[in-house]
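Worksheet: one structure, shown below.
The values are calculated or read from the model by the stated rules, or taken from the named source; none is laboratory data. Just so it is clear, the structure is predicted and the values come from calculations on it, not from any experiment. All Cβ positions, glycine included, derive from the backbone under ideal geometry; neighbour counts span all protein chains shown.
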């Protein structure tokens, strides 16, 4: 069995390495941190979560929850680590970041994988899983561009600030989760007057400069809170500050999510920002309950790279131009921690298959993971290709069974041919239920054939 080099010990790279080790493959796992740091990472820990400690919904009826359910069927290591590092977060899978990294480090050690520290500047020979992440070094990115014959694309991403729990005024902030799903969040209520003053100050606040910043390159799924506010005075009230599902007469609500197992830190949900540090203190302390907030980490913006995947990658995450090179994580154009972990699992499984002389496998298109891979491999090429989260639009539509006509719809039949009827569709929630059932059945069948 050939040695496989995995470049990058983030979530995707660690999952790939663990999948390889499970299959008896010798793994060389290389990480440039802490010797060479990125603009966003703070430690040299494996699987460090930079932007958020939330892995999003754990409900299978939600697209992110469905993806997790599928990954568990495939034997995902990092979701097991996340469960052991779990902290209260309502219906979401929320983790203590340091505990999560420690659990992943323990899993690597148990698998006999040692992390080699140092920057890889050129793609090595042999079978390689490239999971260097969206903050890939310039030297390695240049090497990748030469190997694939395509330049990388990029967008700007942002992280939210973290405040100390003891600095939150509990006489104002109240515990509770939306729609009665526990009491895992702290909620800072704003009256209409307080909300309008906050928005006015937010849109006027000074932002920190970002190298090569282009507003058009912002990622819609993670917009800075000040950019959302500039879209209209009510945008935040109908977005991250919506008060729905909470027993409060407030006009808007800022939610704080527990950051660590000890409950000593909370992050501001939906408050990704590029405001200067002083402006973050000034503006965010206008939020009721945060007047004396102690900022343990400030929000910041950084540039994320990704590939024009439809041009250079196949649905197995193998590079079209270089046999033996697999790409994992956000470099592929998937967006989100769990999506990146899923890409790492795929790359690890397929690198192991190639090492055994077998063909890499694609995932069933009925699954959420398969839908993401299909988007990566067949989405619009060139600069129109944008990163993608898990969502039900990636899956084939669910159709009624039984009495419905199974013919394909033809809006313009030929002479003498009857107009064909479309298959009837269920209501939205029923369609989702069918999609979930179909996806999980396909995932279990795929896993059984590994």
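For residue 106, the conditions (1) closer than 30 Å to residue 176 by Cβ; (2) without any contact (Cβ under 8 Å) to a residue 60 or more places away in the chain; (3) part of a helix (DSSP H, G or I) are fulfilled apart from (1).
For the criterion of being within 19 Å of the chain's Cα centre (by Cα), touching a residue at least 24 places away in the same chain (Cβ under 8 Å) and surrounded by 19 or more Cβ atoms within 10 Å (Cβ to Cβ), residue 349 fails. Checking each residue of region 74-86 against the condition of being touching a residue at least 12 places away in the same chain (Cβ under 8 Å) and over 22 Å from residue 349 (Cα atoms) gives at least one match.
Out of (1) in a loop (DSSP other than H, G, I, E, B); (2) modelled with pLDDT of 90 or more; (3) touching a strand residue (DSSP E or B) at 6+ places or on another chain (Cβ under 8 Å), the odd one out for residue 253 is which? It is condition (1) that residue 253 fails. What single numbered condition from (1) surrounded by fewer than 24 Cβ atoms within 10 Å (Cβ to Cβ); (2) at pLDDT 95 or above; (3) closer than 26 Å to residue 325 by Cα fails to hold for residue 38? Failing condition for residue 38: (2). Scanning region 1-21 for residues that are touching a helix residue (DSSP H, G or I) at 6+ places or on another chain (Cβ under 8 Å) and surrounded by fewer than 24 Cβ atoms within 10 Å (Cβ to Cβ) yields 1, 2. Residue count for region 164-184 satisfying the condition of being outside any loop (DSSP other than H, G, I, E, B) and closer than 18 Å to residue 251 by Cα: 4. Whenever a residue of region 357-370 is in contact (Cβ under 8 Å) with a residue 24 or more places away in the chain, its partners that are surrounded by fewer than 16 Cβ atoms within 10 Å (Cβ to Cβ) and part of a loop (DSSP other than H, G, I, E, B), lying with C-beta atoms within less than 8 angstrom and at least six residues away or across chains, give the pairs 365/396; 366/396. Figure legend. Inter-residue proximity from region 125-138: first residues touching a residue at least 60 places away in the same chain (Cβ under 8 Å), second residues surrounded by 22 or more Cβ atoms within 10 Å (Cβ to Cβ) and assigned to a loop (DSSP other than H, G, I, E, B), beta-carbon distance below 6 Å, spacing 6+ or different chains. Indicated pairs: 129/328; 131/8; 131/328; 132/8; 133/8; 133/10.
The one condition from (1) crowded, with 20+ Cβ neighbours inside 10 Å; (2) at positive phi that residue 245 does not meet is (1).
If I ask for residues that are touching a helix residue (DSSP H, G or I) at 6+ places or on another chain (Cβ under 7 Å) and either farther than 15 Å from residue 355 by Cβ or outside any loop (DSSP other than H, G, I, E, B) (or both), which ones from region 22-50 would you list? Steps first, please.
First, the residues of region 22-50 that are touching a helix residue (DSSP H, G or I) at 6+ places or on another chain (Cβ under 7 Å): 23, 25, 27, 29, 45-49.
If the condition is that a residue be touching a helix residue (DSSP H, G or I) at 6+ places or on another chain (Cβ under 7 Å) and either farther than 15 Å from residue 355 by Cβ or outside any loop (DSSP other than H, G, I, E, B) (or both), then 27, 29, 45, 46, 47, 48, 49 are the ones that fit.
Considering region 109-162, the qualifying strands (runs of 3 or more DSSP E), each wholly inside and each with 2 or more residues that are over 20 Å from residue 388 (Cα atoms) and in contact with a helix residue (DSSP H, G or I) (Cβ under 8 Å, 6 or more places away or on another chain), run over 127-130. Once region 224-249 is narrowed to residues that are at pLDDT 95 or above and in contact with a strand residue (DSSP E or B) (Cβ under 6 Å, 6 or more places away or on another chain), the residue that is farthest from residue 165 (Cα to Cα) is 237.
This table checks each residue for (1) touching a strand residue (DSSP E or B) at 6+ places or on another chain (Cβ under 9 Å); (2) closer than 30 Å to residue 186 by Cα.
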{"position": "130", "(1), (2)": "yes, no"}
{"position": "133", "(1), (2)": "yes, no"}
{"position": "140", "(1), (2)": "yes, no"}
{"position": "143", "(1), (2)": "no, no"}
{"position": "146", "(1), (2)": "no, no"}
{"position": "150", "(1), (2)": "no, no"}
{"position": "156", "(1), (2)": "yes, yes"}
{"position": "161", "(1), (2)": "yes, yes"}
{"position": "167", "(1), (2)": "yes, yes"}
